[in-house]
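Here the structure is laid out as structure tokens; the discussion comes afterwards.
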Amino acid sequence: MGPGYFPRKIAWLALLVGGLILVRSVQRNGPSLFRFHARPLLATVCAVLIFGVCINRLGLLVTAPLVLGIAALGVPGLSVRQYLVLAAIVTSAAALVFVQGLGLTIPLFPGG
């Protein structure tokens, strides 16, 4: 037994339970739960990829609103005003928590 023994057992147990639930759900008849929407998934994946590419080059104060704008494309009916308020709150909170509070070496400004 090493340091990863318990987490590995829990992961296998979660995988087994998830597989059993999947098998039971496929065998039962009933109404479908939801229709798959690709737009929110695609917007989220693109936002994460853009964050990884841009954070060191553009800094947090430029990257966070950019990434939020990309992710907002997956939210139907989000107004520009709501986006701007969300971007201001999330960007300032991220700068305060990660850079000031935790002392992470994330650049705030482009090239810095």
Checklist line | Dipole of the chain, positive direction: furthest Cα of Leu42, Tyr5, Ser32, with charges on the beta-carbon | finding: Ser32
Check: In nm, what is the difference between 0.36 nm times the number of residues separating Ala38 and Ala94 and their Cα-Cα distance?
Finding: 17.4 nm
Check: Where the accessible area of the range 8-59 is counted over protein heavy atoms with a 1.4 Å probe, how much of it, in %, is carbon and sulfur?
Finding: 71
Checklist line | In degrees, nearest ten, helix 80-94 long axis to first principal axis of the chain (Cα) | finding: 90
Notebook entry, point to check: Hey, of [x] 49; [y] 67; [z] 44, which did the structure itself give for percent of Cα pairs over 18 Å apart when calculated?
Noted result: [y]
Item checked: Loop sites in the range 25-86: chymotrypsin sites (Phe, Trp or Tyr not before Pro), DSSP, at most 14 other Cβ within 10 Å -> Phe34, Phe36
Item checked: Whole-number accessible area per residue in Å² for the chain, which is evaluated in the context of all protein chains at 1.4 Å -> 79
Notebook entry, point to check: Of all trypsin sites (Lys or Arg not before Pro) in the range 1-53, which ones are in loop regions per DSSP and have a Cβ with at most 14 other Cβ atoms within 10 Å?
Noted result: Arg28, Arg35
Note to self: With θ taken as phi - 60° and the coefficients 6.51, -1.76 and 1.60, list the Karplus ³J(HN,Hα) couplings across the range 59-66 in order, rounded to whole Hz; mark glycine and proline as x.
What the structure shows: x, 5, 5, 9, 5, 4, x, 4
Check: So, with +1 on the Cβ of K and R and -1 on the Cβ of D and E, and no other charges, what is the size of the charge dipole of the chain about its Cα centre, to the nearest 20 debye?
Finding: 400
Note to self: If each residue of separation counts as 0.36 nm, what is the full-extension length gain between Leu73 and Gln27 once their alpha-carbon separation is subtracted?
What the structure shows: 13.0 nm
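The values are calculated or read from the model by the stated rules, or taken from the named source; none is laboratory data. Since we're looking at a predicted model, the values are computed, not measured. Note: ideal-geometry Cβ built from the backbone for every residue, glycine included; neighbour counts use all protein chains shown. Surface areas here come from the heavy atoms of the whole protein model, side chains and all, with no ligands, DNA or RNA. Shrake-Rupley method; radii C 1.70, N 1.55, O 1.52, S 1.80 Å.
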